[in-house]
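See structure below.
The values are calculated or read from the model by the stated rules, or taken from the named source; none is laboratory data. Quick caveat: nothing in here was measured; it's all calculated off a predicted structure. Neighbour counts are summed over all protein chains in view; Cβ atoms, including those assigned to glycine, are modelled from backbone coordinates with ideal geometry.
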Amino acid sequence: MTLDLSRGAIDRRILALAIPALGALAAEPLLSLVDTAYVSRLGVAELGALGVNGAIFGFTFVIFNFLAYATTPLVAQALGRGDEPQAAQVVGKALWLAASLGVLIAVAMIVGARGLVSLMQASVEVTEPALHYLRIKAVAAPAVLIITAAQGAFRGFQDNRTPLKVVLAANVANAVIDPILIFGLGWGITGAAIGSVVGQWGGAVWFLFLLRRRIGSLGLRIPRWHEIAGLATAGGVLTVRTLFLVSALALGTAAAANIGTPALAAHQVVRETWFLTAMLVDGLAIAAQAMIAEQVGRNNHGGVRLVTRRLLFWGGVAGIALTGAWLLGAQPLGEAFAPDPVVGSLIAQAARIAGVMAPLAAIVWVMDGVFLGQLRLRALAVSTAAGALAGVVGFLLTERFAWGLAGIWWSIAALVAGRGVVFLLVRR
């Protein structure tokens, strides 16, 4: 089948994929705020327990994002070659790997719950509710990873509307069930954990039903190692890449903490806002994974170049829009989140630096999607390692020469620039 690769057609496909992807990315963190609001009414200890668990689950599951990021290009490339049976096999293997890893994680969390909570340095009053929540919520681990793999599969099908519908429905169901269990039945934080488990498993089962209808049999037999070696290898490289990035940003937070409490508070506000605005470009990166992989599957190098140019154009547009938002919103952001004028001034200062680097960051995030679509995973890992090194050197210099929070954020800009330089050097 001949694809229309005119500029207008490519742009329409990019936006048709990016906008629903953005909605799916934003749905969970936004609706989880509802969860937090309910639990906050139970007391400070329960809210602290939710925060501890949020950190544990967040760090654990970000490592397994490869289930989506590797599945998307593998499925899209197979479909680009017209090999639908191969695409179905990829989906089946990804689901099997997700379920297996999920069970292992669940067991590890239940058995090692006390050690994990202790690692988070939870206070005495927070420890028990945190343990209770963790042991119940761990049951949802296989569901979370199945959902992750299923989202990757549908992105490979270039269908981002279905994941949006399922993720929204699962989170809305959780938001409706929570108050009934927490307050209506008086189950407290136990009800919050059960509501989350029900929502996640409901979403996983719905995804499995939709995938079976889409590709026929899911082929959930236990595969041999050579059958999942490609997926597992890709997952290993992407996991290492994720660890580079997470570790570097964690060192940035530690460096901010060493400067002082006002700097740490301001850094937290700007960092979380930066992550939220990054979702705007992540939608484009997800579109890039599927569209580039399709052209690779068709062995259409000209198509890869055409699609990449349009993706970079839209990344540049998004980056410029974010620059405007950051620069105009820097002062209001400081005033909104910090009644303390010192913290507010630091927030505004860091936000302006985030605004200056926004166009470059947007281009780098789009290139992430382009390289993922081509399955150039080593280049991705090298770019992240180079960026992480640049960032860490910046953090060390900031501490050495007392450059303050501005130094931390210029170091993050160096991290982004380091990644961009590698992409520029290795791009064909």
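What to note about this one:
- Residue check, Gln268 outside the structural domain of Ala24 (by TED's automatic domain parsing), without any contact (Cβ under 8 Å) to a residue 40 or more places away in the chain and surrounded by fewer than 22 Cβ atoms within 10 Å (Cβ to Cβ): yes
- Counting only helices (runs of 4 or more DSSP H) that sit wholly inside the range 88-188, those with at least 2 residues that are surrounded by fewer than 18 Cβ atoms within 10 Å (Cβ to Cβ) are 113-119, 124-137, 161-179.
- Within the range 325-341, no residue satisfies the criterion of being closer than 10 Å to Ala266 by Cβ and at pLDDT 85 or above.
- Residue that is more than 23 Å from the chain's Cα centre (by Cα), surrounded by fewer than 22 Cβ atoms within 10 Å (Cβ to Cβ), at pLDDT below 85 and assigned to a helix (DSSP H, G or I), where the choices are Arg221, Arg214: Arg214
- Condition check for Gly202: under 21 Å from Val144 (Cα atoms), out of contact with any Leu (no Cβ under 8 Å at 6 or more places or on another chain), surrounded by fewer than 21 Cβ atoms within 10 Å (Cβ to Cβ) and modelled with pLDDT under 80: no
- Residue in the range 236-251 that is modelled with pLDDT of 80 or more and among the basic types (Lys, Arg) present: yes
Here is a yes/no grid of residues against (1) hydroxyl-bearing (Ser, Thr, Tyr); (2) surrounded by fewer than 20 Cβ atoms within 10 Å (Cβ to Cβ); (3) under 29 Å from Ile14 (Cβ atoms):
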position	(1), (2), (3)
Gly319	no, no, yes
Leu327	no, yes, yes
Gly334	no, no, no
Pro341	no, yes, no
Leu346	no, no, no
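- Scanning the range 296-319 for residues that are free of Cβ contacts under 8 Å to residues at least 40 places away in the same chain and aliphatic (A, V, I, L, M) turns up at least one hit.
- On inspection, Ala388 qualifies as small (Gly, Ala, Ser), in contact with a helix residue (DSSP H, G or I) (Cβ under 8 Å, 6 or more places away or on another chain) and buried (at least 17 other Cβ atoms within 10 Å of the Cβ).
- Residues of the range 162-190 satisfying the condition of being touching an Asp or Glu at 6+ places or on another chain (Cβ under 7 Å) and modelled with pLDDT of 85 or more: Val167
- Identity of the residue in the range 375-388, part of a helix (DSSP H, G or I) and touching a residue at least 60 places away in the same chain (Cβ under 8 Å), that ends up nearest to Met357 (Cα to Cα): Gly387
- Restricting attention to the range 280-305, the residues being surrounded by fewer than 16 Cβ atoms within 10 Å (Cβ to Cβ) and either assigned to a helix (DSSP H, G or I) or of a type in the set (Gly, Ala, Ser) (or both) number 3.
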